Amino acid sequence: MPDGQDRSLDVRRFDTGAVLFLEGSASDVMYVIQEGSVRLSRTIDGESTTLAQLVGGDIVGGVGLVRQQAHTTTATALEPTACLAIDSAALEQMVTEDSEIAIRFIKDLANRVASTSELLSMLGQRDSRTRVCMALIRHAEMSGEQTGEGVWIRKRLGDIAGEIAVADTEMGEISKVLLRRQLLRVKRDGILVPDVSRLYEFVKNSDV
């Protein structure tokens, strides 16, 4: 944030497990994470399903504040977390006075809406293997690191399974198929996708 802005903002601190806002609650402020991390989840088929994990610099609750609608997700601190709380009046002042902030904010909201829509679309797929493959593709394209061996995803298979509501045992069976076909490699601190296009072809194949 530019100098001079911070004094008008409210810094709030959340302990591990504390809820920033609940799904269905009024959107009166948004948060910019300064330190820590936040889990966004939504109740799907009666179960809490992770949609995203946000870290420092990310915006939480921006869509609801802008649209003046109830939150569509629950935000929970995954560790001790500090956030800037910004209400609609402060946000309007910021984007009016600083075009750079306005552009960054709009881009962040656009990416957040697209990401959530894609994930909800995945969750609508009945076939678990399709959901797993689409989740891997999504992470590879949005946050993967290109290496000489392929695209590196800094997540574990268990993290992916949790995001798309696939049981660990089922994820284990699916990963065996993907490993056998050399569509991914699993390491202790992440997942390597050698060729994202091959993963796309696997999804399109009728036997997936």
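Among the criteria (1) at pLDDT 90 or above; (2) closer than 26 Å to residue 143 by Cα, the one residue 56 does not fulfil is (1). Scan segment 55-64 for residues that are within 15 Å of residue 19 (Cα to Cα) and assigned to a loop (DSSP other than H, G, I, E, B) and the total you get is 1. For segment 70-88, filtered to residues that are within 16 Å of the chain's Cα centre (by Cα), of a type outside the set (Ser, Thr, Tyr) and in a strand (DSSP E or B), the residue that is farthest from residue 15 (Cα to Cα) is 75.
Within segment 144-166, the residues that satisfy the criterion of being part of a loop (DSSP other than H, G, I, E, B) and at pLDDT 85 or above are 148, 149, 154, 155, 156.
Set side by side, the residues 46, 24 differ, and just one is more than 19 Å from residue 12 (Cβ to Cβ) and free of Cβ contacts under 8 Å to residues at least 24 places away in the same chain, which is 46.
Hey, among 178, 119, which residue is assigned by TED's automatic domain parsing to the domain that holds residue 73 and either at pLDDT 80 or above or surrounded by 12 or more Cβ atoms within 10 Å (Cβ to Cβ) (or both)? Result: 119 is the single residue among 178, 119 that is assigned by TED's automatic domain parsing to the domain that holds residue 73 and either at pLDDT 80 or above or surrounded by 12 or more Cβ atoms within 10 Å (Cβ to Cβ) (or both). Taking segment 15-35 as the range and being assigned to a loop (DSSP other than H, G, I, E, B) and surrounded by 19 or more Cβ atoms within 10 Å (Cβ to Cβ) as the test, only 27 passes. Considering 95, 113, the condition of being at pLDDT 60 or above, at negative phi, in the same structural domain as residue 63 (by TED's automatic domain parsing) and surrounded by fewer than 19 Cβ atoms within 10 Å (Cβ to Cβ) is satisfied by 95 alone.
Given the structure, is residue 52 assigned to a loop (DSSP other than H, G, I, E, B) and touching a residue at least 12 places away in the same chain (Cβ under 8 Å)? Taking the combined requirement at face value, the residue does not satisfy it.
Condition test on residue 141, is it in a helix (DSSP H, G or I) and either without any contact (Cβ under 8 Å) to a residue 24 or more places away in the chain or not assigned by TED's automatic domain parsing to the domain that holds residue 200 (or both)? When the stated conditions are applied, residue 141 does not pass them.
The values are calculated or read from the model by the stated rules, or taken from the named source; none is laboratory data. Predicted, not measured: the structure shown is a model, and the values here were computed from it. A quick note on method: Cβ atoms are made from the backbone with ideal geometry, for glycine too, and the neighbour counts reach across all protein chains shown.
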